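J.: Quick one: this structure, given as structure tokens, is what I'll be asking you about.
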Amino acid sequence: MDPPSGNPSAALDTPPRHGPTGALGRLPSRRSRLWAVAAAAAGGLLLAGCNLPTFGETKPITSQGQDSLKLWQGFFITGAVVFVIVFSLIAWASIRYRRRSHAIPRQTQYHTVLEIFYTVIPIIMVLVLFGFTFVSENNVDALPAPKVSVTVTAFQWGWRFHYAKQDVTVIGVELQDPEMVLPQGETVRISLRSHDVVHGFFVPAFDFSRYAQPGITNRFTVNLHTLGTYRGQCTQYCGLFHSLMRFRVRVVTPAQFAAWLRSHRSGGTSSRASLTASAGGAGK
Amino acid sequence: MTDVIIPQVAGGEYAHVHEEHGPTGLMKWITTTDHKVIGMSYMITSVALFYIAGLLALGIRVQLTTPHGTFISFQQYNELFTMHGSIMMYLFAGPFAFGGLANYIVPLQVGAPDMAFPRLNALSYWLYLGGSIMMLMGFGVAGGTADFGWVAYAPLSTSTYTPGLGEDLWIMALVLTGFSAIFTGVNLIATIFYLRAPGMTMFRMPIFTWNMLVTGILILIAFPVLTAALVMLFCDRHFGTKIYAVTGCHTTAGIVDAHACGSAVLWQNLFWFFGHPEVYILALPFFGIATEIFPVFSRKPVFGYKGMVFATMSIAALSTGVWAHHMFTTGTVLLPFFSLMSLLIAVPTGIKFFNWIGTMWRGQLVYTTPMLMSIGFLFAFLMGGVTGVMLASPPIDFFVHTTYFVVAHFHQVLFGTAVFAGFAGFYYWYPKMFGRMLNDRLGKVHFVLLFVGFWVTFIPQYVLGLHGMPRRVASYPTGLGWQSWNIASTIGAFMIATSFMVLLVNVWVSWRYPVPAGDNPWDAHTLEWFTTSPPPHHNYTHLPQIRSERPTWDYNHPDAPTILHRHGPGHPNGHGPYAGDGGGPTHGNGSAGVAPGVPAT
Amino acid sequence: MKVESAFLLGIATFFGVISISYWFTSYEDGGTMMLVGATALGVLPGCYYYFWHRRFRGSKYFFWGKTDRVVGTRPEDRDDARIEDGAGVISAFPGSSVWPFVFGSGAFVFLLAFVFGVWLAAVGISLIVTALVGVTAESRRGGRH
Ligand code: HEM
Ligand SMILES: [Cu+2]
Ligand SMILES: [Cu+2]
């Protein structure tokens, strides 16, 4: 069930590594006591997160993605357990109690204890799941001071990546996917906005997406830890060529990144085609 | 032909009900105010639209079978999924449930002669038909149908980006069907509040009726918001307002100036304030259908009746406080609030599940087609529900939002309810409506094809979503390993299509070679099975005494009353424990079982 | 009517609580407006039903005042009501009527005017007016005979 991560043509030569800390290692200490009980119930699963399969989800290349992957693993296991239990109950009831005779069965209608039981247990489960969600959500959405900032502007049907401090711009439209180059290991802030309609910035390898909307700037942080080139795509339907509104993310070492920036300085207004050609490697 | 006033005279006799001498043929259909005829018109129209939307889905699936699909153009693809989604959501699932089945069944279940406002009911249908025609007219105008998805996100839906006539038709169609839904909601609530038979207290109403009451309330909460949002959208498109529009408000730097223009997020807020309750407007009636079917074919009362009612209410209540879980990735909503509310919906839904299982437990399950369809619904909704819980967690949603994972999820819940439970209801009430049976063997063939096809269609879509395939794409690149999953999904879709051909054959067979159904072919529980099939004009010539939520069962099986607690004895006279206004469960300890039906004139 | 009013007032209470907590956690006005609207949706009919529930029991207003006529409860609200207790006229149900169709067609044409041109509005409005006149006359006559 493990999918190839990112763009198979480029990503696979660098084996993915694990994030620096496990999910619980990140808990704000103030809260850790609060969640201790909850952690005892479901935490074992999450703690073991690093060694669990991804259950189909793309392997993340960011530490934020690691966080949500762990949450996904927890939810997947909980969901699978609930699914199997309820599935078996339905299957058992429908096989075991198929009609054997024409006698009328006992006309039981209530069993209060049982009903309370299956009200309370789900409530507890939901609260535990919410607790983990809350913690993970705060980590994923945290906005620490960035080392590198990129402003991403989405438009019909392409992307503009603008490195303001370094005065570098990359633009690409449909069938000429632009490439966003990012340094490994550093805190990167991405500011997202849209020139026209609502778009969605989605990189499966980030395990993350966010809308690009007119009039609103959305910010998020990534800490990348795996080199390679990865697929990105618009996920919010935005008109005719929505399907072709793709881009790539290339993660390079900080030194390569600096070199790349230098060689592209003030290329801001040069033609789209030359920019994407110089930035891109893999064609369509 | 005349206004019919139904007096009930002491002694339980109904006075003479005037025979219809009205118009015949087409004119009869056009002038009818009989809830049964209107319900049937609704059902035929909505099922026809279901077939059309299904056909569009096949087009979608064929296009996606190969990477860089060339079956249709991008433009056509965008129109196809927009119309597929819009027809399924606005014109099939809802109208089939509350315009079709509920319209027919609710007055019968509460023992009423008709809906409270018969002419308003007829108007609902005509507005719905007009709206449906208007939406389909998009196929005939220059520029094609609407192509902004069933959610019509602004500013894509403003005239700068989608200037066509098809979009305007789409908006106006929804205004019409919106009013139609509101009128039906009002009608259902009034019928349930005012036209119940004596002894049919609120807590003796069948769960289906309860769910329709709650659905009616949800309609009144949700649909006006949609209509208002659509009117504003129309103003943006044609009258130059800037409620959602962003045209002409770019700064010199080319960036949209938030202060000078409309708000894209406002549309999303308004739409989903309608949209999420809408999802439950589509789900609750079908929950109700399943809750009618499980007890009948388990030959037991519904387990945890009162819990069922409160679960329905809590689902509905919570469903209005979760709209922004469709907006987690907008970065503009209060994540914890909406996440917690969304997760909490799992609790009442879980209660329903366990109650359904409890109903089957220790029963004598009779596997007719409606029962099989309902079990198919259970499995489908179980998985859809579990993945729904995952989606309620923002960090997970950040990844799978607007991918095929979501497509698979909402088809498991919507298809599970509207198709499995919906057609369970169709098979279940068909004998009541037409007085003839559907062929059970053909029904089982339908079920098996549908069930297998369903899983083959939608499980691959989960995988595709997790592999990062976005929804609403007309083409995808090679080399990502997506094609084999897409082929599987397409094969499944064709199995589903085949299964619905079997349904057509079945209906044809029942038409050609009728097998009479009798009043109560399933030995069912609720009031509608007490009258003839099909019921006479104004439904009842006589009624049984109503002493529990299963009057027909009590009448037929006076020796098998409901046992309220697991170890308790059968209640001497089948009294439910629920008093209406009249006070506690202490009264009426008559000893002779259930009162016999009161004979007709 | 007690259960009906409790049901509606329950809706009002729920949305009241949610509106307040939503407002103070988000200060977002659109959603709050809609939630307050939903609260009103519960309050208005809920109070109406509660009023009649009390009235049937002999109170003049919600809790206070007395009327001289105690209706008791409606048969459909009584656990032990017999079918005969519902004797009497239930309601008048129009046998058949062409006006809903005319009104519906009018609304259809009227909305099409927004898409295809204003001239259609004239047709639509005349159909709607005809239907309104027709249905009113029909009701006054007590239906077509
Ligand atoms: C007959 C079997 C069905 C098949 C094979 C099918 C297939 C599909 C597919 C492949 C899509 C995704 C299109 C895309 O994102 O590009 C889709 C979208 C959708 N489907 Fe279905 N579907 C079926 C039945 C239903 C039913 C019964 C409902 C609801 C009651 C439904 C509601 C929707 C909605 C709301 C969308 C989203 C449209 C949009 O993105 O705007 N579908 N369907
Ligand atoms: Cu897009
Ligand atoms: Cu929702």
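The values are calculated or read from the model by the stated rules, or taken from the named source; none is laboratory data. None of the values given here were measured: they were computed from a predicted structure. Glycine gets a Cβ as well: all are built from the backbone with ideal geometry, and neighbour counts include every protein chain shown. Just the protein is used for accessible areas: all its heavy atoms, side chains included, with ligands, DNA and RNA removed. Shrake-Rupley method; radii C 1.70, N 1.55, O 1.52, S 1.80 Å.
J.: Averaged over peptide A:201-213, how many Cβ atoms belonging to another chain are found within 10 Å of each residue's Cβ?
T.: Partner-chain Cβ atoms within 10 Å, mean over residues of A:201-213: 6.
J.: State, to one decimal in nm, how far the label point of residue A:98 lies from the label point of residue B:133, with both points 7 Å from Cα in the Cβ direction.
T.: 4.9 nm
J.: Another one. Taking amide hydrogens as modeled 1.01 Å from N in the peptide plane, which residues meet the under 5 Å criterion relative to residue B:156, leaving out close sequence neighbours?
T.: A:198
J.: If you plug each phi of region B:321-327 into the Karplus form 6.51 cos²θ - 1.76 cosθ + 1.60 with θ = phi - 60°, what whole-Hz ³J(HN,Hα) values come out, in order, with x for Gly and Pro?
T.: x, 10, 3, 7, 6, 8, 10
J.: Something else now. By average Cβ neighbour count within 10 Å, what is the ranking of B:438-450, B:407-419 from highest down?
T.: By packing density, highest mean first, the sequence is B:407-419, B:438-450.
J.: With the full set of protein chains in place, find how many percent of the accessible area of region C:99-141 is carbon and sulfur; take the probe as 1.4 Å.
T.: 80 percent
J.: Ignoring ligands, DNA and RNA, please state the percent of accessible area on region A:148-277 from carbon and sulfur, probe 1.4 Å.
T.: Using a 1.4 Å probe with all protein chains present, region A:148-277 comes out at 52 percent carbon and sulfur.
J.: Return the average number of partner chain Cβ atoms within 10 angstrom of each residue Cβ along peptide B:462-475.
T.: 6
J.: Further question on the same structure: To the nearest 0.05, how large is the calculated FRET efficiency for residue A:84 and residue C:91 if R₀ is 56 Å and r is the Cβ-Cβ distance?
T.: After rounding to 0.05, the efficiency reads 0.60.
J.: With each label point set 7 Å from Cα along the Cα-Cβ vector, what nm distance links residue A:127 and residue A:145?
T.: 4.0 nm
J.: Beyond 24 Å between alpha-carbons counts as too far, so tell me which of B:28/B:432; B:306/C:2; B:300/B:432; B:300/B:352; C:2/C:66; A:70/A:147 fall in that bin.
T.: With Cα atoms farther than 24 Å apart: A:70/A:147.
J.: How shielded is A:95-105 by partner chains, expressed as the average number of their Cβ atoms within 10 Å of its Cβ atoms?
T.: 5
J.: Using θ = phi - 60° and the Karplus curve 6.51 cos²θ - 1.76 cosθ + 1.60, what whole-Hz ³J(HN,Hα) does each residue of region B:230-247 get, with Gly and Pro shown as x?
T.: These are the phi-based 3J(HN,Hα) values: 5, 4, 5, 4, 5, 4, 4, 6, 10, 10, x, 6, 10, 7, 10, 5, 10, 5 Hz.
J.: Go through region B:187-193 residue by residue and turn each phi into a ³J(HN,Hα) via Karplus (6.51, -1.76, 1.60, θ = phi - 60°); whole Hz please, and just put x for glycine and proline.
T.: 4, 5, 4, 5, 4, 6, 6
J.: Further question on the same structure: For residue C:60 and residue C:130, compute 0.36 nm times the residue count separating them, minus their Cα-Cα distance, and round to one decimal in nm.
T.: Here the answer is 21.0 nm.
J.: Amide H of residue B:540: which non-local residues (sequence gap of 5 or more, or other chain) have their own amide H closer than 5 Å, using H built in the peptide plane?
T.: Sorted by chain and number, the residues that satisfy this come to none at all.
J.: Computed on protein heavy atoms with a 1.4 Å probe, what is the summed buried accessible area for the chain pair B and A, in Å² to the nearest 100?
T.: In total, this chain pair buries about 8300 Å².
J.: Which whole-number value in Å² is the accessible area per residue of chain B, probe 1.4 Å?
T.: Spelled out: the 1.4 Å probe surface of chain B, per residue, equals 28 Å².
J.: Here is a follow-up. Grab the beta carbon distance between residue A:164 and residue B:76, set R0 = 45 Å, and tell me the FRET efficiency rounded to 0.05.
T.: 0.65
J.: Could you state how much accessible area is buried at the C-B interface, both sides summed, with a 1.4 Å probe, in Å² to the nearest 100?
T.: Summed over both sides, the interface buries about 6600 Å².
J.: May I pose another question? Compute the Cα gyration tensor for region A:162-218, then decide on rounded, prolate or oblate, letting a ≥ b ≥ c be the square roots of its eigenvalues: rounded whenever a/c is under 1.5, prolate when a/b is larger than b/c in the other cases, and oblate in all that remain.
T.: Rounded, because the longest to shortest axis ratio a/c is under 1.5.
J.: Round to the nearest 0.05 the FRET efficiency obtained for residue B:367 and residue B:511 when R0 = 25 Å and r is the Cβ-Cβ distance.
T.: 0.50
J.: Please list the non-local residues whose amide H lies under 5 Å from the amide H of residue C:90, H modeled 1.01 Å from N, same-chain partners needing a gap of 5 or more.
T.: Amide H neighbours of residue C:90: B:6, B:8.
J.: So, one more: Please compute the modelled spin-label separation between residue C:21 and residue A:219, points set 7 Å along Cα→Cβ, answer in nm with one decimal.
T.: 3.1 nm
J.: Tally up the carbon and sulfur contribution to the accessible surface of region C:2-79 as a whole percent, 1.4 Å probe, everything protein left in place.
T.: The computed percentage sits at 70.
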